[in-house]
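**Q** Handing you a structure now.
What follows is calculated from the coordinates using simple rules that are stated; it is not laboratory data. Since the model is a prediction, treat every value here as computed from it, not as a measurement. Note: ideal-geometry Cβ built from the backbone for every residue, glycine included; neighbour counts use all protein chains shown.
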């Protein structure tokens with residue numbers, strides 16, 4: 001396979017053979033061939049379209065979408081390596097448009113000389129629309145092979161013009177088993193890794209580090225390196241005490257405003273809706289553990305009480321307000337239990353979206369029919385003129401009617417006729433409401449029919 005030629009003083013060429021011990025372990029152990037990558041079996045399986053294009057050197061501009069530490073930077077480096085192309089990297093966090101234009105100009109000069117450039121743009125979603133547009137003509141002309149890396153959903157964070165010129169490849173978090181394999185390789189590698197230092201790490205301890213990495217290979221290697229440094233000072237064995245110290249402050253992946261955040265709140269809501277209290281409680285715990293604002297969770301749970309439980313169990317709404325108030329009074333961690341109990345109740349009780357659907361149907365009719373007049377019999381008549389105009393004429397006071405309901409009295413504008421929005425489900429309290437309303441609606445229908453027949457005669 002073709003190989004990129006190392007250039008003197010090229011600090012950006014991370015595949016250069018000139019590696020130093022000063023570089024972090026995660027950098028020293030960066031894969032130098034596709035077979036060395038861990039995870040991404042679906043994307044880089046033998047015979048897959050992407051792998052074939054990389055190995056043949058016929059690569060295309062692309063967006064790599066995946067969580068931190070899944071191999072986006074490494075894959076971009078390998079693209080340049082296999083395509084015998086220059087590798088240049090910019091970060092949307094650190095680079096502005098002037099720096100991007102400078103890199104693009106250099107790529108243009110190389111292209112004129114017959115050499116391609118793989119331009120890796122880290123955190124591509126952080127560039128605004130104008131900055132993203134700057135790449136478009138260069139991608140079209142083939143001056144650069146654009147590789148954008150993002151942890152956010154490209155559909156929302158990247159503009160359509162850029163997406164139309166790139167193929168999106170989804171990368172997955174690396175499993176604990178694969179991370180453990182990467183850690184073991186680092187322990188065995190005497191040239192680039194930690195081999196030859198007399199380190200002793202048990203399989204169970206390696207597994208703990210891999211699990212703590214939470215899908216991030218770079219993080220796992222960093223934790224291993226810290227543990228190794230402490231072990232060297234204490235004889236070379238990575239003890240349980242060392243691991244406890246290294247892993248004490250680990251946190252799970254969570255982005256308060258990003259894709260993971262919305263995926264997890266969606267999972268919580270849908271588990272409540274599907275009456276799965278155990279799964280709902282898990283997602284609540286995940287979000288709290290990740291640092292989600294409990295006030296936000298209380299608001300969303302209150303929404304679930306009105307949207308998905310509704311009148312099947314009216315107590316749910318009051319419980320949601322009470323749990324929200326309890327958290328405001330107690331704070332974390334004591335107040336978290338109130339939210340947990342609310343989640344369990346919401347997920348366990350009867351469900352109905354009949355009220356939600358009815359309100360949406362009513363809003364639709366308001367939009368469709370415009371400003372229709374209130375029926376005359378419903379209008380108040382405080383003046384003589386209004387009485388002469390028929391305001392209030394024919395109004396039936398329900399308390400005086402038989403059964404307490406004036407059955408033949410319409411409640412809708414005359415131009416609309418009767419409507420049925422609210423269809424209670426046969427669950428919880430709504431089963432009783434359904435029985436009552438079905439009976440009333442039938443009586444009203446009969447009363448209207450009898451009234452119509454009387455008018456005809």
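**Q** How big is the stretch 25-170 along each principal axis, measuring the range of its Cα positions in Å and listing the largest first?
**A** The Cα atoms of the stretch 25-170 stretch 37, 36, 32 Å along their principal axes.
**Q** Also, quick follow-up: Out of (i) 27.9; (ii) 25.0; (iii) 23.3, which label holds the value of Kirkwood radius over Cα pairs in Å that was computed here?
**A** Recomputing Kirkwood radius over Cα pairs in Å here gives the entry labelled (i).
**Q** How much length, in nm to one decimal, is gained on full extension between residue 155 and residue 234, taken as 0.36 nm per residue of separation minus their Cα-Cα distance?
**A** Working: separation 79, 0.36 × 79 = 28.44 nm, distance 5.04 nm.
Extending this stretch completely gives an extra 23.4 nm.
**Q** Here's something else I'd like to know. Dividing the convex hull volume of the alpha carbon atoms of the stretch 352-450 by its residue count, what do you get in Å³ per residue?
**A** On the way: hull volume 12.9 nm³, N = 99.
Residue-normalised Cα hull volume stands at 130 Å³.
**Q** Which three numbers, in whole Å and largest first, are the semi-axes of the equivalent ellipsoid of the stretch 267-333 derived from its Cα gyration tensor as √(5λ)? Provide the component values of the computation, followed by the final result.
**A** On the way: eigenvalues 72, 52, 14 Å².
Whole-Å semi-axes of the equivalent ellipsoid: 19, 16, 8.
**Q** Students often check this: by mean Cβ neighbours within 10 Å, which of 438-447, 27-36 ranks highest, and how do the rest follow?
**A** Peptide ranking by packing, descending: 27-36, 438-447.
**Q** Defining a contact as two alpha carbons under 8 Å apart and six or more residues distant in sequence, what relative contact order in percent does the stretch 368-456 show?
**A** Rounded, it is 22 percent for the stretch 368-456.
**Q** Highest mean first, how do 97-110, 180-193, 226-239, 300-313 rank when packing is the count of other Cβ atoms within 10 Å averaged over residues? Don't jump to the answer; show the numbers that get you there.
**A** Numbers: 97-110: 14.4, 180-193: 17.6, 226-239: 16.0, 300-313: 21.1.
Taking the mean over residues of other Cβ atoms within 10 Å, the ranking is 300-313, 180-193, 226-239, 97-110.
**Q** Give me 51, 384 ranked fewest to most by other Cβ atoms within 10 Å of their Cβ, as a rough exposure proxy. The partial results should precede the final answer.
**A** On the way: 51 16, 384 8.
Starting with the residue having the fewest Cβ neighbours, the order is 384, 51.
**Q** Could you please rank 326, 383, 151, 410, placing first whichever residue has the fewest other Cβ atoms within 10 Å of its Cβ? Walk me through the intermediate numbers first.
**A** Details: 326 18, 383 10, 151 21, 410 15.
Ranked by crowding around the Cβ, least crowded first: 383, 410, 326, 151.
**Q** Could you work out [θ]222 nm for the chain from helices alone, using -39500 (n - 2.57) per DSSP H run of at least four and dividing by all its residues? Round to the nearest 500 deg cm²/dmol. Walk me through the numbers before you get to the answer.
**A** On the way: 21 runs with 228 residues, N = 457.
For the chain, the value works out to -15000 deg cm²/dmol.
**Q** Among 166, 70, what is the fewest-to-most ranking by other Cβ atoms within 10 Å? It would help to have the intermediate numbers written out before the result.
**A** Numbers: 166 21, 70 27.
If I rank by nearby Cβ atoms, fewest first, I get 166, 70.
**Q** Calculate the radius of gyration of the Cα atoms of the stretch 195-246 to one decimal place, then report Dmax, the largest Cα-Cα distance, as a whole number, both in Å.
**A** 10.2, 30
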